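The values are calculated or read from the model by the stated rules, or taken from the named source; none is laboratory data. Everything numeric here is computed off the predicted structure, so don't read it as measured data. When we count neighbours, we look across all protein chains shown, and the Cβ atoms used for this are built from the backbone with ideal geometry, even at glycine. Quick note on the areas: whole protein, heavy atoms, side chains included, nothing else; ligands and nucleic acids left out. Shrake-Rupley method; radii C 1.70, N 1.55, O 1.52, S 1.80 Å.
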Amino acid sequence: ADPKVGGRDVEPQTAGVAFVGDLVTGYRANLWLRSAVRVLGELSRAPAAAPHQLYAWARELPWPELMRLEQTFSMTARVAESVINHSKYAALRIKDAICDVFRDRTGARPNVDVETPHLPVYLSLYRDHGILYRDFSGTTLHKRGYRSALHRAALNEATAAGILLLMEWDGTAPLIDPMCGSGTIVIEAALLALERAPGLLRSQPFPFESWPDFEREVWEHVQSEARARARSELCAPIA
């Protein structure tokens, strides 16, 4: 667990790591986590062995409190070992439920935007048990922002950072990468050694910055804290 994030009850799982925290923890996770791809905030969990169960469960959630009518959303599903075995169909049922909740309350429905939605919604359905999340990250976190284009053979930034973290390299010893390719490992090493939060490099806003419960002053404070931690000189060379 990264102490700069502050998550509690950290638990490695099959397809990720679960931890407990508040909104500020979510902000810090997006800013500081180096080997994560996305940060998901759990909304609800329930059994869902049939399409009508999936729909009814999603209808119960207070979607108008999570986004405004004029905002957009997207729906992504991951399905495994369940009666509902088609991820796009599962996503469609949740999407219908969200739209119907808004239609019942306002007489209109929000639009879907698969590219840059204000509220990315994520469903994990495993062995007929569903968990609904809102995606804090949107664009995956490995896209730091220091590259305008990425070669298809280049090493993923989060993977490079994960290798460095597994090495327990802390920047106090020299680091040499003789097969550096596009330089991902050495760039990530420099960010790690200088305690620079990778999320600060991101040029586009995170989805959570447009949510009704967004705390702007808190987010600005979290960013200021991160900038204050950053150093300007390496303790040892990176080549």
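Say whether the condition of being closer than 26 Å to Gly145 by Cβ and part of a loop (DSSP other than H, G, I, E, B) is met by at least one residue in region 38-53.
Yes, there is a match, as at least one residue in region 38-53 is closer than 26 Å to Gly145 by Cβ and part of a loop (DSSP other than H, G, I, E, B).
Please verify whether Ser124 is hydroxyl-bearing (Ser, Thr, Tyr), under 30 Å from Thr184 (Cβ atoms), open to solvent by 20 Å² or more (accessible area, probe 1.4 Å) and more than 20 Å from the chain's Cα centre (by Cα), treating the condition exactly as stated.
Judged against the criteria, Ser124 is not a match.
Identify, by number, the condition in (1) at pLDDT 95 or above; (2) surrounded by fewer than 16 Cβ atoms within 10 Å (Cβ to Cβ); (3) out of contact with any strand residue (DSSP E or B) (no Cβ under 7 Å at 6 or more places or on another chain) that Tyr89 doesn't meet.
(1)
From the set of residues in region 153-176 that are surrounded by 15 or more Cβ atoms within 10 Å (Cβ to Cβ) and more than 20 Å from His142 (Cα to Cα), which is nearest to the chain's Cα centre (by Cα)?
In this case the residue turns out to be Gly171.
Check Thr76 against each of (1) part of a helix (DSSP H, G or I); (2) among the β-branched types (Val, Ile, Thr); (3) within 28 Å of Leu155 (Cα to Cα) and name the one condition it does not meet.
Against the list (1) part of a helix (DSSP H, G or I); (2) among the β-branched types (Val, Ile, Thr); (3) within 28 Å of Leu155 (Cα to Cα), Thr76 comes up short only on (1).
Failed condition for Ala190, given (1) open to solvent by 20 Å² or more (accessible area, probe 1.4 Å); (2) part of a loop (DSSP other than H, G, I, E, B), with all others met?
(2)
Does any residue in region 37-66 that is under 26 Å from Gly21 (Cβ atoms) and free of Cβ contacts under 8 Å to residues at least 60 places away in the same chain come within less than 9 Å, Cβ to Cβ, of a residue that is of a type in the set (Gly, Ala, Ser) and open to solvent by less than 50 Å² (accessible area, probe 1.4 Å) six or more places away or on a different chain, and which pairs are these?
Glu60/Ser44; Glu60/Ala46; Glu60/Ala97; Trp63/Ala97
List the pairs whose first member sits in region 20-35 and is within 19 Å of Thr140 (Cβ to Cβ) and open to solvent by 40 Å² or more (accessible area, probe 1.4 Å), whose second member is assigned to a helix (DSSP H, G or I) and of a type in the set (Val, Ile, Thr), and whose Cβ atoms are under 6 Å apart, counting only residues at least 6 apart or on separate chains?
Filtered contacts from region 20-35: Arg28/Val222.
Name the residues in region 146-162 that are part of a loop (DSSP other than H, G, I, E, B) and not small (Gly, Ala, Ser), would you?
Scanning region 146-162 gives Tyr146, Arg147, Leu150, His151, Arg152, Leu155, Asn156.
Yes/no per residue for (1) loosely packed, with under 15 Cβ neighbours inside 10 Å; (2) more than 15 Å from the chain's Cα centre (by Cα); (3) farther than 27 Å from Phe73 by Cβ:
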position: Pro198; (1), (2), (3): no, no, no
position: Gln204; (1), (2), (3): yes, no, no
position: Pro207; (1), (2), (3): no, no, no
position: Asp213; (1), (2), (3): yes, yes, no
position: Arg216; (1), (2), (3): yes, yes, no
position: His221; (1), (2), (3): yes, yes, yes
position: Arg229; (1), (2), (3): yes, yes, yes
position: Leu234; (1), (2), (3): no, yes, yes
position: Pro237; (1), (2), (3): yes, yes, yes
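Looking at Arg59, Arg28 in this structure, which one is under 27 Å from Pro110 (Cα atoms), charged (D, E, K, R) and touching a helix residue (DSSP H, G or I) at 6+ places or on another chain (Cβ under 6 Å)?
The match here is Arg59.
Pull out all pairs, ordered by first then second residue, where Cβ-Cβ is under 7 Å, the residues are six or more apart or on different chains, the first lies in region 95-124 and is basic (Lys, Arg), and the second is assigned to a helix (DSSP H, G or I).
These pairs meet every condition: Arg105/Pro64; Arg109/Cys99; Arg109/Phe102; Arg109/Arg103.
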